[in-house]
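Everything on this sheet refers to the single structure shown next.
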Amino acid sequence: MYTIGTAGHVDHGKSTLVRALTGIDPDRLQEEKARGMTIDLGFAWLTLPSGREISIVDVPGHERFIKNMLAGVGGIDAALLVIAADEGVMPQTREHLAILDLLQVRNGAVVLTKRDLVDEEWLELVKEDACQVLAGTTLEGAPIVAVSALTGEGLDELVALLDRLLDRTAPRRDVGRPRLPIDRVFSIGGFGTVVTGTLLDGSLYIGQELEVLPAGLRTRARGLQSHRHKVDRIAPGNRVAVNLAGVEVDQLQRGDVLTVPGGLSVTRVLDVRLRLLQAAPKPLANSAEVTFHTGTAEVLAKVRLLDHDELAPGQSGWAQLRLARPVAVAKGDLFIIRQPSPSLTLGGGEIVHAGAVRRRRFREEVVEELEVLAEGTPEAVLFQLVQHRQPVEQRTVLDASGLARQVAEPALAALRESGRLIALGQTLVTAEGWQALAGRLRAEVQSYHTAYPLRAGIPKEELRTRSRLNARAFAEALSRLVQAGALVDAGTVVRLPEHTVRFDGELGRRVDAALAALAADPFSPPGLAELQARFGLDEEVIGALVESGRIVRLSHDVLFTPEAYRQAVATVTEIIRRDGKVTVAQVRDALKTSRKYALALMEYLDAQRITRRIGDERVLAR
Ligand code: GDP
Ligand code: MG
């Protein structure tokens with residue numbers, strides 16, 4: 001089903017035309033009847049000759065009530081731009097047309113009303129004017145029909161024209177996520193709270209669990225009506241009244257959106273493509289305060305121009321809007337901005353992203369990202385978001401894309417399959433980003449080797465900190481690099497495959513001399529202090545010798561050669577095998593050493609789980 005809207009200057013005969021077409025007076029308020037002027041939206045319906053039932057939203061033409069007009073045109077499929085034949089094109093003819101153009105209303109007709117008041121010649125002049133104002137708008141070339149509500153002339157022609165117009169209008173899309181921008185809230189005795197609006201994007205049915213945004217009030221559809229008839233279910237494109245369970249009238253207002261839970265973004269920050277009208281009185285400055293209108297909502301907003309110092313009349317640019325209150329919107333929604341006072345329509349455009357992402361001004365990559373968000377395929381949108389933020393969590397990318405899960409997830413899978421994106425756990429990088437990351441990790445390891453040539457490698461945790469990746473992503477990155485042979489995972493440390501600890505030159509000679517000194521008295525070797533004093537070996541070198549297996553460090557001070565250690569182990573195990581146990585004193589005697597060395601040895605063997613201590617004796621641990 002279709003909803004059409006009126007548009008045009010005050011007193012040009014919009015409401016009279018609606019009444020003539022439908023028999024319903026759209027001016028429903030007392031005040032409207034008293035003043036003979038439309039103030040707020042009016043609603044009517046009729047059945048066209050084809051049998052098609054349509055809704056009509058009648059809007060006020062007076063410049064003071066444009067905000068109400070804006071709440072009505074959001075969901076219309078076609079517009080009737082009404083121009084009184086006697087008066088011709090007037091200021092709100094132009095302003096309403098500009099709004100229809102910004103909201104991309106492409107279907108419509110111009111209705112020249114009050115045909116009875118003018119002659120043929122005058123009518124032709126007004127037609128020419130009408131053609132001229134339509135030029136360059138979405139309604140350029142729209143059919144023009146002259147009518148008189150007084151005599152009935154032209155009304156049949158208009159009704160037939162509406163049928164033809166709607167024949168080539170695609171029905172409202174259904175994306176399975178109904179939303180009703182609320183234009184009226186009232187209560188009916190015995191029924192409770194009722195809201196009305198033009199339904200978009202999906203169907204409503206009785207019993208459906210719903211949510212009112214931005215407040216997030218949970219509710220349920222208790223009853224549905226369209227054109228005063230009860231229905232069980234209703235499709236997008238229709239005017240609908242919904243009786244809501246569990247919410248009070250004073251909790252709701254025009255501008256709220258009734259939808260299914262989780263369907264829309266609620267945000268105070270919007271990235272938009274913004275066009276300033278040619279008719280704007282002056283350029284739009286950065287940080288300008290405007291009134292923002294989308295759906296039936298109206299809220300104050302501040303404009304942050306992202307690629308212009310100021311926007312000249314007729315110019316378009318990228319902007320971020322910061323709203324005084326949150327709104328419930330979807331990517332792709334259209335909006336209007338107005339000057340708050342004196343109130344005046346300035347421009348409008350399309351929401352390309354809903355949600356707070358910090359955008360710096362005058363940045364090429366910011367503009368590129370917004371362009372892709374506006375125009376790109378889901379793959380392009382996701383790829384670019386990763387490219388600009390990597391490494392980045394998959395969830396962040398999905399949120400920033402504004403894409404529905406069922407669109408985003410297959411697109412992401414395709415990008416991974418083709419190798420353009422790489423997932424490190426839940427963290428995403430591009431193929432290029434991965435090359436850079438791999439290079440950076442190798443460079444970190446290399447620089448550690450350079451700083452500590454005698455160490456086997458960089459401790460894993462330190463490399464992780466330097467990588468700035470989370471634990472899962474780091475583990476995944478490391479395992480990829482190890483598999484590719486770019487790094488070696490040596491347990492607690494990571495090294496380059498080509499890295500070896502070498503003691504050459506003068507240091508090599510000192511190391512050899514120290515090892516010879518240890519070997520000369522294998523079970524009572526010189527201690528740490530002596531090695532340091534005689535051979536100038538510092539902790540770093542000792543550590544490297546221990547790590548590379550050229551020294552066995554029994555305690556802080558007691559260092560054995562590996563041969564001495566093997567012999568000592570053999571001696572100890574032999575005694576235990578023979579006697580079932582051994583004491584420190586026995587070991588001391590067997591190795592012809594002092595108690596200090598024997599004790600260090602036995603404690604080390606306990607720690608290595610070769611022996612186990614029971615009182616003053618040791619047995620074999622296994
Ligand atoms: P709106 O503000 O555009 O809704 O205009 P209205 O429908 O309220 O009409 C404004 C005035 O124009 C009223 O006094 C109507 O009676 C008058 N009017 C509307 N249509 C016609 C018409 O076709 N012929 C004549 N002579 N007067 C009309
Ligand atoms: Mg009216």
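The values are calculated or read from the model by the stated rules, or taken from the named source; none is laboratory data. Just so you know, these numbers come straight off a predicted model, no measurement behind them. All Cβ positions, even for glycine, are placed from backbone atoms using ideal geometry, and neighbour counts span all protein chains on display. These accessible areas exclude ligands, DNA and RNA; they are computed on the full protein's heavy atoms, side chains included. Shrake-Rupley method; radii C 1.70, N 1.55, O 1.52, S 1.80 Å.
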Any idea of the accessible area per residue across the stretch 505-620, 1.4 Å probe, to the nearest Å²?
-> 52 Å²
Using +1 at the Cβ of each Lys and Arg and -1 at the Cβ of each Asp and Glu in the chain, identify which of Ile144, Pro562, Ile575 lies farthest towards the dipole's positive end.
-> Ile575
Excluding the sites themselves, what is the longest stretch of the chain that contains no chymotrypsin sites (Phe, Trp or Tyr not before Pro) in a DSSP loop with at most 15 other C-beta atoms within 10 Å?
-> 363-622
Looks like the stretch 193-350, by Cα gyration tensor root eigenvalues a ≥ b ≥ c and the a/c under 1.5 rounded cutoff (else prolate when a/b is bigger than b/c, oblate otherwise), is prolate
Expressed as a whole number of Å, what is the distance separating the alpha-carbon centroids of the stretch 551-587 and the stretch 516-534?
-> 17 Å
Where Ser555, Ser341 fall by accessible area, highest first, once all protein chains stay in place (1.4 Å) = Ser341, Ser555
In µm²/s, what is D for the stretch 179-259 at 20 °C and 1.002 mPa s, where D = kT/(6 pi eta Rh) by Stokes-Einstein and Rh is the Kirkwood radius from Cα pairs?
-> 177 µm²/s
Which aspartates and glutamates have a Cα less than 20 Å from the Cα of Lys581, not counting those fewer than 8 places away in the same chain?
-> Asp589, Glu603, Asp606, Asp616, Glu617
Diffusion coefficient in µm²/s returned for the stretch 370-424 by Stokes-Einstein, Kirkwood Rh over C-alpha pairs, 25 °C and 0.890 mPa s, is 224 µm²/s
Put one equal scatterer on each alpha carbon of the stretch 343-476, apply the Debye formula with no solvent term, and list log10 I(q)/I(0) at q = 0.22 1/Å to two decimals.
-> -1.29
Return one number: the angle in degrees, 0 to 90 and rounded to the nearest 10, between the long axis of the Cα atoms of helix 431-451 and the longest principal axis of the Cα atoms of the chain.
-> 30 degrees
Scalar couplings 3J(HN,Hα) for the stretch 368-378 by Karplus 6.51 cos²θ - 1.76 cosθ + 1.60 (θ = phi - 60°), nearest whole Hz, x for Gly and Pro, are 4, 5, 5, 4, 5, 4, 6, 10, x, 5, x
Local electrostatic count at Leu134 - Lys and Arg +1, Asp and Glu -1, tallied over other residues with Cβ under 15 Å = -2
Regression test value, accessible area per residue of the stretch 390-498, probe 1.4 Å, units Å², expected 51 Å²
Subset of Lys33/Lys282; Lys302/Lys331; Lys460/Lys592 violating a 31 Å alpha-carbon distance limit = Lys33/Lys282; Lys460/Lys592
The alpha-carbon center of the stretch 78-147 and that of the stretch 39-69 are separated, in whole Å, by 17 Å
What is the helix-to-structure angle for 562-579, meaning the angle in degrees between its Cα long axis and the longest Cα principal axis of the chain, kept from 0 to 90 and rounded to the nearest 10?
-> 70 degrees
In degrees, nearest ten, helix 405-417 long axis to first principal axis of the chain (Cα) = 40 degrees
Report, as a whole number in µm² per second, the diffusion coefficient that Stokes-Einstein gives for the chain at 20 °C and 1.002 mPa s using the Kirkwood radius over alpha carbon pairs.
-> 69 µm²/s
Whole number in Å², please: accessible area per residue of the stretch 2-167, 1.4 Å probe, ligands, DNA and RNA not counted.
-> 39 Å²
For the chain, what % of the accessible area comes from carbon and sulfur atoms, probe 1.4 Å?
-> 49 percent
Alpha carbon centroid spacing (whole Å) that separates the stretch 160-209 from the stretch 449-465 = 65 Å
Amide proton proximity set for Ile83, modelled H, under 5 Å, gap of 5+ = Val111, Leu112, Thr113
May I have the convex hull volume per residue, in Å³, for the Cα set of the stretch 2-167?
-> 99 Å³
